[in-house]
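Below: the structure, in structure tokens.
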Amino acid sequence: MISQTRELLLFDRTLFYALATRMWQALSGPVTIVVIIGVLTVEEQGRYYSLAALMSIQVFFELGMLNVLISQSSYLNLQLSQATGRRSMRRLMQLSINWFRIVAMLFALTSTSVGWWILAKQDGTTDWKLPLIFLVLVSAATVAISPCLAILEGAGFRQHIYAVRFLQLFTGALAVWIALILDLKLWALVVSATVQLLWTIVVVAYIFRPWAKSLQITNLPISGTLENLDQAHLRQSGSTRLLTWFADIFPKQWPSAVVSIATHTATQFFSLVILVYQGQAEAGRIGMTLTVTTAIQALSLSWLQTKFAVISRLCSQQQFQQAKLIWRRSVQFSLVMLIVLLALFTLLLMLLPLASQGWEFRLIQPRQLGLLSIGIVACQLLVSQNYFALASNRQPLWRASLLGHCVTLFSVILAGRNWGIDGIVVAFALTSFLITLPLHTRDFLLQSDSTYCDPCLSAKNRG
């Protein structure tokens, strides 16, 4: 009975670690806030969160490339029984590491410059300078070696990668608490980032390097799961052409970059719009609310994210029906969890006035959250469709994403300026659900009716 339930829910150790990571984020967040309030002054708290926010701009440099690497390594993992497949995998490692070294340098220069410019305009304190420099260096180092983890995940080491991600966040939070209690102040961010970097280095040293070395000395495929070894006889012959960046990676990279930038720009600047046009108090209300809804969305997406490499592998084996089945079930569980959690959050907002603590004034109103939830559900469906497009080795649906999110961004700015939070949630809900989602779904269905762009099939068609 238990095994049947686990199979129905697509539950495995990878999903367990992913859910544990999200749950730990939800539990540790309030503790971190309490410790910060007790240790840092208001000014130090502002600088602390400014430094933390600066590190989030790495999304504009990664540009969805890690998901592309997961998908590509899943395809190449099926060809490791052949010399050409192993050479292509090693080529993917070399190209991606070289690319992310450049990305890490650009990220370091940009975050240092922007951080220095913003913080230097404050009250004249200099306690942020050395923490900023060291935090940027540690974060850039993590970015530089991040493709190793993505390639490992696609090659079958999903359980190891998600276990390490949980350990990174778990020990990182403990490091922040200890550092703050020891009065290290802004250096707490550096300590946490260093702990997470050390875990990444452990993965590279003890998993990635031995696996990469094995590709040079054996003809057998090395993978993170016995299932991949048992199915070695199903691996198909690859093309004799070695993998190249502009022929194999770039065609998927730039659409993913467009989708990533468009999505982030259209959905992550609500607080800034309100701050500019309505003031700090209103910006704080929607900002705190978005912190919770973002955590809810991340938790619900765990079902889909942990199955991404599996779906990619099945598509590369031309087992499209099985891949679609797993994808549909993952999307269903993800949406159910998202809707349930958003409904519970809305109910909590409705009950907050009963506590007579004034907490309800720190968040948006329940009716506003209901409208916001409509847009969040629509965005979840967009993400789900792009996951399957990328897993099946097709281009992400960048045209629909770009057009729809541009309309959303323009509408949110205009509505936020004139009607505040009410205007933003209405504009976000209407444009996401009535414009972006239909356009995206139409392109997704049209793409599904076309021939799958499997590398082997494409090579045969070119021949």
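The values are calculated or read from the model by the stated rules, or taken from the named source; none is laboratory data. Predicted model, so just to flag it, every value in this text is computed and none were measured. Because the Cβ atoms are built from the backbone with ideal geometry, glycine has one as well, and the counts that use them run over all protein chains shown. These accessible areas exclude ligands, DNA and RNA; they are computed on the full protein's heavy atoms, side chains included. Shrake-Rupley method; radii C 1.70, N 1.55, O 1.52, S 1.80 Å.
In table form, for the structure just shown:
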{"item": "Extension gain from F250 to R399, taking 0.36 nm per residue of separation minus the Cα-Cα distance", "result": "52.0 nm"}
{"item": "Theoretical gain in end-to-end length, Q45 to F269 [0.36 nm per residue, Cα-Cα removed]", "result": "78.5 nm"}
{"item": "Cα→Cβ-extended label distance, 7 Å offset, between I33 and I339, nm", "result": "2.8"}
{"item": "Which listed pairs, of K213/K307; K213/K324; K185/K307, have C-alpha distances above 31 Å, in listed order", "result": "K213/K324; K185/K307"}
{"item": "Distance between modelled label sites at L414 and F16, nm, 7 Å Cα→Cβ extension", "result": "5.2"}
{"item": "Segment 356-422 versus segment 58-102: alpha-carbon centroid distance in Å", "result": "31"}
{"item": "Per-residue HN-Hα couplings for segment 202-212 [Karplus 6.51, -1.76, 1.60; θ = phi - 60°; Hz; x = Gly/Pro]", "result": "4, 4, 5, 6, 9, 10, 5, 5, x, 5, 5"}
{"item": "Fraction of accessible area attributable to carbon and sulfur, segment 282-434 (%, probe 1.4 Å)", "result": "70"}
{"item": "Furthest towards positive pole of dipole, A323, I374, I339, structure part segment 287-401, Cβ charges", "result": "A323"}
{"item": "Calculated FRET value between R329 and M23, using beta carbons and R₀ = 25 Å, to 0.05", "result": "0.70"}
{"item": "Spin-label pair L198/W117, simplified geometry with 7 Å Cα→Cβ offset, distance in nm", "result": "3.5"}
{"item": "Reachable lysines, given that their alpha-carbon falls under 18 Å from the alpha-carbon of K121 and they are not under 8 places away in the same chain", "result": "K129"}
{"item": "Sites F361 and Q216 - FRET efficiency at Förster radius 60 Å, r taken between beta-carbons, to 0.05", "result": "0.45"}
{"item": "Extension gain, Q322 back to S448 (0.36 nm per residue minus Cα-Cα distance, nm)", "result": "43.9 nm"}
{"item": "Using a Förster distance of 22 Å, the FRET efficiency for R209-L106 (Cβ separation, nearest 0.05)", "result": "0.30"}
